[in-house]
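The values are calculated or read from the model by the stated rules, or taken from the named source; none is laboratory data. For clarity, every value in this text was computed on a predicted model and none was experimentally measured. Cβ: placed from backbone, ideal geometry, glycine included. Neighbour counts: every protein chain shown.
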Amino acid sequence: MSQLSFFQFPYLSDNYGVLIHDAESGDTACVDAGDADAALTALAEHGWTLTHLFITHHHADHTGGLEALKAATGCHVIGPAPESVPIAGLDQRVNDGDELQFAGHTVQVMHTPGHTLDMINYYLPEQGVLFAGDTLFTLGCGKLFEGTADVMWNSLNTLMALPPETVVYCSHEYTLENGAFAIQVDPNNQNLIDRLRNAEALREKNQPTVPSTIAEELLTNPFFRAADPAIRQHLNMITASDLDVFTELRKRRG
């Protein structure tokens, strides 16, 4: 089986898109389409032709360039079957547990509502890569625009169960902002302190802090760490349920 290449590119103020390329077939997918020009520029830089477009959810910074990108390339557009706000231009709708084939590689669909009700993530088990949309961020998680805390907590638990070495591409450069909150509720976490120092150095050089791994998030992301005694002590929630601790963390994060 041929190897896949991954190329992350920035767009708008703090978004990331990712191109997935199979050299053997020439097939190329793009994750989300908030800015058609940015995606077309990234494709041209590599000499790749877009064949597939994977949409995670309906927000405009993920779909605003969908129709222009489809018109320019004729790509096959895949997006969520669970619907909160209709997404124009989808050719195929997928739901939790569905499996896609991209250039002979398996792509598993995970419905992870919370940020929105239609949020889906794309997981490539053979490559150990997750495209998390706005469900999981580096050191954070998505705001609860449509879902409730318990819905998001269930979604995060699904992601926490992935292999720790799974590489996580999220859709925004939020690490320093999320880290400023994380260190408030988990101030003595040396893994977090070290990660923030590294993130600050990367951003000073205008380098991305994305992707991360599930393992890194388990060690440093407070929204993955509701069971951690130090965080519970800090919140004065020693005997609370994990859901209650998560709910309090999400409330404090704003």
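Data overview
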{"quantity": "Residue satisfying all of: in the stretch 191-225; of a type in the set (Gly, Ala, Ser) and over 14 Å from the mean Cα position of the chain (by Cα); surrounded by the most Cβ atoms within 10 Å (Cβ to Cβ) among these", "calculated": "Ala199"}
{"quantity": "Test for Ala72: is it among the small types (Gly, Ala, Ser) and either under 27 Å from His111 (Cβ atoms) or loosely packed, with under 14 Cβ neighbours inside 10 Å (or both)", "calculated": "no"}
{"quantity": "Residue satisfying condition, being crowded, with 17+ Cβ neighbours inside 10 Å, in contact with a strand residue (DSSP E or B) (Cβ under 7 Å, 6 or more places away or on another chain) and assigned to a loop (DSSP other than H, G, I, E, B), within set Asp96, Asp118", "calculated": "Asp118"}
{"quantity": "The listed residue being surrounded by 13 or more Cβ atoms within 10 Å (Cβ to Cβ), under 25 Å from Asn206 (Cα atoms), of a type in the set (A, V, I, L, M) and out of contact with any Pro (no Cβ under 7 Å at 6 or more places or on another chain), out of Ala39, Ala29", "calculated": "Ala39"}
{"quantity": "Residue pairs meeting the criteria (Cβ under 8 Å; at least 6 apart or on separate chains; first on the phi > 0 side of the Ramachandran plot, in the stretch 103-125; second among the β-branched types (Val, Ile, Thr) and crowded, with 22+ Cβ neighbours inside 10 Å)", "calculated": "Gly114/Thr135"}
{"quantity": "Some residue of the stretch 156-173 being at pLDDT 95 or above, in a helix (DSSP H, G or I) and in contact with a Gly (Cβ under 8 Å, 6 or more places away or on another chain)", "calculated": "yes"}
{"quantity": "Criterion violated by Asn178 - all others in (1) part of a helix (DSSP H, G or I); (2) of a type outside the set (Asp, Glu); (3) surrounded by fewer than 21 Cβ atoms within 10 Å (Cβ to Cβ); (4) touching a Ser or Thr at 6+ places or on another chain (Cβ under 9 Å) satisfied", "calculated": "(3)"}
{"quantity": "Filter pass, Gly64 being more than 18 Å from His105 (Cβ to Cβ) and exposed (fewer than 14 other Cβ atoms within 10 Å of the Cβ)", "calculated": "no"}
